[in-house]
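See structure below.
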Amino acid sequence: MSKDIHNPKQRNYNPLIWVLSIFIVGVILGTYMLPKSSDGTVWGIELTVLPMLNAIFNSFTFLFLLTALIMIKKKNIKLHRRFIVAAFVTTFLFFISYLTYHSMAESTSYGGDGTLMYFYYFILITHIVLAALIVPLALITLGRGLNMKVEKHRKIARWTMPIWLYVSLTGVLVYLMISPYY
């Protein structure tokens, strides 16, 4: 028998989770097919500020997730929830900034060579693959937490938390490594 805490307001988040997951990944892929700004600006605003903003949002997401992990280890569910919500907020802000940039600006290529180039592409590829995977994982984990399905939440959170931390951290690393080439 599961150790889920009784909650009379159980909701089935699964349809919303899958629709959002498919929509988010689809929108991201779709941005690469849109026409791009020829001069790197939109309404006179330099687009190259957005990748730095993305890295800032990723940094905050990483810190919020780390703090949420510490809070749950201390069994402080209230603060754990607040930091998870904060991580979702900064991830959402990242998503908006990321979509804005990639829908309007040309892709930037990595300009380095040698061992650092291989490291960059390893980080980039694992970041991209796991970023697509984290969308449904994070939403499923959130849904189980909101429904207080504690055992199911813990089982998936053991995978979700380290992957989301990795994606957030590598997002910052990718920015730092490619920022000289913007």
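Descriptive notes on the structure:
- Using the rule -39500 (n - 2.57) for each DSSP H run of four or more residues, divided by the residues of the chain, the 222 nm mean residue ellipticity is -26000 deg cm²/dmol.
- Relative to the longest principal axis of the Cα atoms of the chain, the long axis of helix 77-104 makes an angle of roughly 30 degrees.
- Note on the chain: with a GNM built from Cα contacts shorter than 10 Å, the maximum mean-square fluctuation among L69, L116, L79 falls on L116.
- The GNM of the chain, with springs linking C-alpha atoms under 10 angstrom apart, assigns the highest mean-square fluctuation among V167, V27, V135 to V27.
- Amide H contacts under 5 Å for Y110: none, restricted to partners 5 or more places along the chain or on a different chain, H placed in the peptide plane at 1.01 Å from N.
- Computed lengthening from L66 to E46, 0.36 nm per intervening residue step minus Cα-Cα distance: 4.0 nm
- Share of pairwise Cα separations in segment 56-129, more than 14 Å, in percent: 71
- Backbone N under 15 Å from the M33 label point (7 Å along Cα→Cβ), restricted to segment 96-115: 103
- Extension gain, K155 back to L116 (0.36 nm per residue minus Cα-Cα distance, nm): 10.5 nm
FYI, it's all coordinate maths here, none of it is from the lab. This one's a predicted model, so the numbers in the text were calculated from it and none came from an experiment. So basically every Cβ, Gly included, is an ideal-geometry build from the backbone, and we count neighbours across all protein chains shown.
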